[in-house]
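Okay, structure first, notes after.
The values are calculated or read from the model by the stated rules, or taken from the named source; none is laboratory data. Source: prediction; values computed, not measured. Heads up, the Cβs are rebuilt from the backbone with ideal geometry, glycines too, and the neighbour counts pull from every protein chain shown. The accessibility values were calculated without ligands, DNA or RNA, using every heavy atom of the protein model including side chains. Shrake-Rupley method; radii C 1.70, N 1.55, O 1.52, S 1.80 Å.
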Amino acid sequence: MSDANGTGGANDAPKEAGKAAEGAGGAPGATNGTSAGTSSGTSAGTSDGASAGTSDGASAGTSDGVNPEKDLGTDNLPGQRGQGGEEIRVQHGMFGAGQSGDTSGYGGLVRSVRLPGPATRPYGGWFDEVADELEGALEEQGLLPANAIEKTVVDRDELTFHIEREHLVRVARTLRDDPALRFELCTGVSGVHYPHDKGRELHAVYHLRSITHNRLIRLEVSAPDSDRHIPSLVPVYPTNDWHERETYDFFGVVFDGHPALTRIMMPDDWQGHPQRKDYPLGGIPVEYKGAQIPAPDQRRSYS
């Protein structure tokens, strides 16, 4: 007799089948090659295809599904830094908005926003080799590494050198040309705006890849909102041309020495820089080919 789902009833299986399954390596009393006490081909003590001793598909011996080689904790969960790093502000609510009512249900959430702090030696792996080679190459040029490298950060297994902006071009050229480094490719520059990071509100982040050594690092440079100038890296990495124009367009970072620093996405006469965190989210009229489009909160409703 079959049950309501069309599966064979446990009481209908002949004893010979159980013996056959046991002889084939199955557990005593199993009828379809399943382990004892199950009815859908799962292992003993499970109900969803998990291995023995687990209930969520984790491997045997890891009852909570955590990789035994790298246990997760409060210090290495994604997005968490505990009390480490540098606190730049305290955010209230899920999204940090403070001028409207709480519609998310997370209005009571209080979170510390932190940037990763400087790492200490040894950094691990090839990170120390790159740091040693870079510092040695700068010393050979008569530049003290401490004057050029503000701090070195190792966060989430990634290496970032924070560079003083007046030395950015020299450091980038050294990373490109030194045979032991050979970071031949800059895949672009990203702008970041931290309004509460006083004195360095604007950041430019460069992603450098070494095709020779198969390595990836970052350079990060900061500038105050009152002096938004950073040297252009187009003379070192020509492909940064359009990337720097986009960062200027959206964040207002002025790249000194760029061959043609103009907007690339917004109209030339556009006011403001749309990806800054102090840019208004609505209420801005849009002019498109001479036509004036009202702001979103002033348009006609068709609902």
Would you mind pulling out the separation of the Cα centroids of segment 161-204 and segment 233-254, in Å?
-> 12 Å
Rounded to the nearest 0.05, what FRET efficiency is calculated for residue 277 and residue 156 with R0 set to 22 Å and r the Cβ-Cβ distance?
-> 0.45
Note the full-extension length gain between residue 114 and residue 128 as 0.36 nm times their separation in residues minus their Cα-Cα distance, in nm to one decimal.
-> 2.6 nm
Express in Å², to the nearest 10, the accessible area of residue 139 obtained by rolling a 1.4 Å probe over the protein heavy atoms while all chains stay in place.
-> 110 Å²
Extension gain (nm, one decimal) between residue 242 and residue 256, 0.36 nm per residue minus Cα-Cα = 3.6 nm
Does a label point 7 Å from the Cα of residue 139, set along Cα-to-beta-carbon, have any residues of segment 175-189 with amide nitrogen under 15 Å, and which are they?
-> none
Taking Rh as the Kirkwood radius, which is the inverse of the mean 1/r over Cα pairs, what is the Rg/Rh value for segment 155-234?
-> 0.99
Please state the charge dipole magnitude for segment 141-212, taken about the Cα centre, from unit charges on C-beta atoms (+1 on K and R, -1 on D and E), reported in debye and rounded to the nearest 20.
-> 120 debye
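Can you give me the accessible area per residue for segment 208-267, using a 1.4 Å probe, in Å²?
46 Å²
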Simple SL model, points at 7 angstrom along Cα→Cβ for residue 216 and residue 88; separation in nm is 2.2 nm
